[in-house]
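Below you'll find the structure, written out as structure tokens, and then a few comments.
The values are calculated or read from the model by the stated rules, or taken from the named source; none is laboratory data. Since the model is a prediction, treat every value here as computed from it, not as a measurement. Virtual Cβ from ideal backbone geometry, glycine too; neighbours counted across all protein chains shown.
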């Protein structure tokens, strides 16, 4: 059992916020645990032995509310001071990334290094404090310093490598895109796409295409394919195989206990889609998130068999197109509560070990609402997560990324339940259109600085009709572009001029 004493603003906290809290074991794999608050403490009863870290949504002194993580700690009788351990955990990760990135003695790093040292001084003072309340108050100040330092370190590293990538013209031609809503027919919204995107991603939801068995509805996707063809906009296909409730047709549940039948139906579905649209689609996100969302409760071997089969069919049917395996919720929080899922990195490792004939990994990072896998992470954590995919030696496509532009109640259409956008955390300040734009600029520059990142797809272009997260589109439902849309236009212009071999400005 792990215990953490919690103090907030210099006084004991009677009600502790458990939103998004989970434990993390070795290799960053979430652990099953019962986490509850009692007498101003977190009490964490783990289902497995060994050291564990606590991750939770935490308010940052001076602004923001983001998921932070302690170091991995052994069980003991006395409670740990939560704020002190959160500060220790962030400083440890900063030291690890400075070594990974080679930034200990890099020219120009001096100001960031000073801030890191100040945060470390706060940890020392907290460890020497007379009372747990004093230690927590000092550590809270240190956490704010450490978050700022880690984000500055991330931006510094990104600027160096983004400039290097620009100098060698290391960007693919189809770099920036957006996911569209196939049901959207607003011509004024469509007209905004070419200026901001190099391609569009069309979701091929099984539920929409075959709402009733053997009754196929191609109208919406045919309309978008025709528009893209006429306007010379490249197309990517996403979500061919996805076992979220929003994508699975109701009639398929008849076979939920017959794996062989569903496997055969998946084979027919993938083959049918690719044969119809293969000449128009250059990249297929063949299978998306079955490691995390598994409404049929298939076991590990069955999920791997479906992955193998779907990728094989895609490559056989459209050998010239790229086949992408999509990873969602890349921090793997879902695994702490559902053991019939697969941790994201374990799934990726097994895909590699099985020798599947696929071309790239996809990764989704949609944050900002109070739901599993959607709580806000700081940009240091996002950069570190992306770096983990470099170890597989495969190109990476960010197949879905977004945050909201408004902190208010809303509901996402791709997952169940109503949530408040503010409940999912905030980056520096509550979400506004300008904060969304600033987040996009920072995160896009970070992702584009990594040579293994091949493309970035904003999850929702517009907010008319079905959307994934509330208030997270680039264009309002009335067709008015948000500041984030203008930012994407600017990024596209910068990257396009680099592809053409002309000068570009440095990342800010």
Problem - Meets criteria (surrounded by fewer than 16 Cβ atoms within 10 Å (Cβ to Cβ) and outside any loop (DSSP other than H, G, I, E, B)) for residue 77 - result: no
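State whether the residues of region 352-366 include one that is within 30 Å of residue 58 (Cα to Cα) and over 13 Å from the mean Cα position of the chain (by Cα). If you could, list the steps in order and put the result at the bottom.
Residues of region 352-366 within 30 Å of residue 58 (Cα to Cα): 362-366.
Narrowing further to those that are over 13 Å from the mean Cα position of the chain (by Cα): none.
Within region 352-366 (the criterion being within 30 Å of residue 58 (Cα to Cα) and over 13 Å from the mean Cα position of the chain (by Cα)), the answer is no, since none of the residues qualifies.
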Among residues of region 254-271 being surrounded by fewer than 20 Cβ atoms within 10 Å (Cβ to Cβ) and touching a residue at least 24 places away in the same chain (Cβ under 8 Å), the residue farthest from residue 317 (Cα to Cα) is 256
With the first residue restricted to region 480-498 and required to be under 21 Å from residue 166 (Cα atoms) and assigned by TED's automatic domain parsing to the domain that holds residue 195, and the second required to be modelled with pLDDT of 95 or more and not in a helix (DSSP H, G or I), Cβ contacts under 6 Å at 6 or more apart or on different chains are 492/176; 495/175
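Which of the residues that make up region 463-483 are in a loop (DSSP other than H, G, I, E, B) and surrounded by 18 or more Cβ atoms within 10 Å (Cβ to Cβ)? Lay out the reasoning, then the answer.
Of the residues in region 463-483, the ones in a loop (DSSP other than H, G, I, E, B) are 463-474, 476-480, 482.
463, 464, 467, 468, 469, 470, 471, 472, 473, 474, 482 - these are the residues of region 463-483 that are in a loop (DSSP other than H, G, I, E, B) and surrounded by 18 or more Cβ atoms within 10 Å (Cβ to Cβ).
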Do the conditions hold for residue 269, that is, is it in contact with a helix residue (DSSP H, G or I) (Cβ under 9 Å, 6 or more places away or on another chain) and over 23 Å from residue 463 (Cα atoms)?
yes
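Table: residues versus (1) within 30 Å of the chain's Cα centre (by Cα); (2) part of a helix (DSSP H, G or I); (3) within 14 Å of residue 216 (Cα to Cα).
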residue	(1), (2), (3)
251	no, yes, yes
257	no, no, no
260	no, yes, no
264	no, yes, no
285	yes, no, no
Per the filter on region 278-295, residues touching a helix residue (DSSP H, G or I) at 6+ places or on another chain (Cβ under 6 Å) and either free of Cβ contacts under 8 Å to residues at least 60 places away in the same chain or loosely packed, with under 15 Cβ neighbours inside 10 Å (or both) are 280, 284, 287, 290, 291
Filtering region 223-244 down to residues that are in contact with a helix residue (DSSP H, G or I) (Cβ under 9 Å, 6 or more places away or on another chain) and over 22 Å from residue 323 (Cβ atoms) yields 227, 231, 232
In region 24-46, anything part of a strand (DSSP E or B), more than 19 Å from residue 371 (Cβ to Cβ) and in contact (Cβ under 8 Å) with a residue 60 or more places away in the chain is listed as 31, 33
Margin query: Being crowded, with 23+ Cβ neighbours inside 10 Å and either modelled with pLDDT under 95 or touching a strand residue (DSSP E or B) at 6+ places or on another chain (Cβ under 7 Å) (or both) is the requirement here; does residue 147 meet it?
Written below: no
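Listed here are the residues, each with its yes/no results for (1) assigned to a helix (DSSP H, G or I); (2) surrounded by fewer than 22 Cβ atoms within 10 Å (Cβ to Cβ); (3) free of Cβ contacts under 8 Å to residues at least 40 places away in the same chain.
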| site | (1), (2), (3) |
| --- | --- |
| 48 | no, yes, yes |
| 90 | yes, no, no |
| 96 | yes, yes, yes |
| 99 | yes, yes, yes |
| 113 | yes, yes, yes |
| 119 | yes, no, yes |
| 126 | yes, no, no |
